[in-house]
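This structure is in structure tokens; I'll ask about it shortly.
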Amino acid sequence: MARNTRTAGPCGEAALRAKLRVPPGGGPVRLRSYDPRATPGGPAGKTEALACVPYVRERITALQVRLFAQSTAGDPRSVLVVLQGLDTSGKGGAVRHLASLMDPAGCRITAFKAPTVEEKAHHFLWRVERALPGPGRIGVFDRSHYEDVLVPRVRGGAPPELWEERCETINSFEASLADDGVSVVKVFLHISRDEQRARLLARLDDPCKRWKFAPADLEDRARWAFYQEAYGDLLGRCSTEAAPWYVVPADRKWYRNWALGRLLLEHLELIDPVCPPAAFDVGAARRRLLAD
């Protein structure tokens with residue numbers, strides 16, 4: 001397979017990441033300036049987006065094989081996809097879609113819930129470090145270490161010093177990951193307030209979806225403005241050269257999934273993994289097999 005190929009063509013323009021990236025050092029992000037129903041760089045509609053899935057899956061799985069293959073020769077590189085967003089923004093659906101594009105043997109998915117008693121006894125990054133993908137692997141986080149910044153600020157009234165300290169700690173942590181060969185792909189799934197209401201109502205109206213609903217969801221919805229402000233500050237402060245944030249409009253599920261697949265594919269192409277040369281005499285092995 002030829003190296004250095006890119007995804008420009010019928011399934012979208014190259015470098016979608018440039019369209020969705022939060023510029024480092026730009027200050028707080030005004031999420032109201034981002035349209036949750038927009039489709040930047042995307043296909044014309046759902047039908048076209050679904051038609052792209054086989055192509056993207058084929059490219060990702062081929063690159064995934066090469067990523068793991070080169071790790072057997074000592075290459076440390078890996079990919080970590082971090083998904084954040086408000087309730088009903090589609091983190092679960094995004095995880096399922098990403099998993100459908102990869103070989104599950106080379107993928108590790110971790111969902112971060114409220115910290116356990118054991119986790120609270122450690123530094124807030126402890127549980128994250130334990131879930132990082134190893135060399136040649138792809139990791140997907142459903143929520144992440146950013147919950148330990150957002151929740152204390154929005155729900156707990158954390159002092160500004162804690163917010164500042166944890167943001168700086170996260171930036172240093174992610175820079176060290178990049179130095180160690182981890183491509184950190186941080187995605188904020190941006191949903192509108194109206195769409196969130198529609199999805200919460202759908203959970204209430206469908207008996208098979210009510211397990212997804214909790215009264216606390218309404219309490220968090222009442223804090224909508226506080227979450228928008230906190231996420232805007234977080235995106236601005238923690239979008240760095242080493243680990244930028246990407247804002248993916250999430251009202252349209254088909255676009256959300258298409259964009260996530262493209263972002264993963266582009267980052268694998270940036271790594272451009274290479275299968276290592278054989279450490280044995282290939283010709284001699286072939287001759288022995290043919291003579292068997």
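Can you tell me which residues in the stretch 133-181 are aliphatic (A, V, I, L, M) and open to solvent by less than 20 Å² (accessible area, probe 1.4 Å)?
Within the stretch 133-181, I138, V140, V149, L150, I170, L177 meet the criteria.
Further question: Across the stretch 32-43, what is the total count of residues that are open to solvent by less than 80 Å² (accessible area, probe 1.4 Å) and either assigned to a helix (DSSP H, G or I) or under 19 Å from L268 (Cβ atoms) (or both)?
1
Which of the residues that make up the stretch 192-247 are closer than 25 Å to G41 by Cα, assigned to a helix (DSSP H, G or I) and in contact with a Ser or Thr (Cβ under 9 Å, 6 or more places away or on another chain)?
Correct list: E195, Q196.
Suppose we filter Q70, Q84 for residues that are crowded, with 17+ Cβ neighbours inside 10 Å, in contact with a strand residue (DSSP E or B) (Cβ under 7 Å, 6 or more places away or on another chain) and polar (S, T, N, Q); which single one remains?
Sole residue among the options that is crowded, with 17+ Cβ neighbours inside 10 Å, in contact with a strand residue (DSSP E or B) (Cβ under 7 Å, 6 or more places away or on another chain) and polar (S, T, N, Q): Q84.
Taking the stated definitions as given, is P215 over 22 Å from the mean Cα position of the chain (by Cα) and not small (G, A, S)?
The answer is yes for P215.
Return the residues of the stretch 44-77 that are outside any helix (DSSP H, G or I) and modelled with pLDDT of 95 or more; say none if nothing qualifies.
G45, T72, A73, G74, D75, P76, R77
Take the stretch 160-191 and flag every residue that is more than 22 Å from E269 (Cβ to Cβ), in a helix (DSSP H, G or I), touching a residue at least 12 places away in the same chain (Cβ under 8 Å) and not charged (D, E, K, R).
Matches in the stretch 160-191: W163, C167, T169, I170, N171, F173, A175.
Condition check ((1) open to solvent by 50 Å² or more (accessible area, probe 1.4 Å); (2) within 25 Å of D233 (Cβ to Cβ); (3) free of Cβ contacts under 8 Å to residues at least 60 places away in the same chain) across all residues:
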{"residue": "A62", "(1), (2), (3)": "no, no, no"}
{"residue": "S78", "(1), (2), (3)": "no, no, no"}
{"residue": "G92", "(1), (2), (3)": "no, no, yes"}
{"residue": "L98", "(1), (2), (3)": "no, no, no"}
{"residue": "L101", "(1), (2), (3)": "no, no, no"}
{"residue": "R108", "(1), (2), (3)": "yes, no, yes"}
{"residue": "F112", "(1), (2), (3)": "no, yes, yes"}
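For (1) open to solvent by less than 10 Å² (accessible area, probe 1.4 Å); (2) touching a Leu at 6+ places or on another chain (Cβ under 9 Å); (3) on the phi > 0 side of the Ramachandran plot; (4) modelled with pLDDT under 95, each residue gets a yes or a no:
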{"residue": "E219", "(1), (2), (3), (4)": "no, no, no, yes"}
{"residue": "T240", "(1), (2), (3), (4)": "no, no, no, no"}
{"residue": "Y246", "(1), (2), (3), (4)": "yes, yes, no, no"}
{"residue": "R252", "(1), (2), (3), (4)": "no, no, no, no"}
{"residue": "E269", "(1), (2), (3), (4)": "yes, yes, no, no"}
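Can you tell me which residues in the stretch 112-146 are of a type in the set (A, V, I, L, M, F, W, C) and outside any loop (DSSP other than H, G, I, E, B)?
Hits for the stretch 112-146 are V117, W126, V128, I138, V140, F141.
The values are calculated or read from the model by the stated rules, or taken from the named source; none is laboratory data. Predicted, not measured: the structure shown is a model, and the values here were computed from it. Cβ coordinates were reconstructed from backbone atoms using ideal geometry, including for glycine residues, and neighbour counts include every protein chain displayed. Each accessible area value is taken on the protein alone, full model and side chains, heavy atoms only, with ligands, DNA and RNA left out. Shrake-Rupley method; radii C 1.70, N 1.55, O 1.52, S 1.80 Å.
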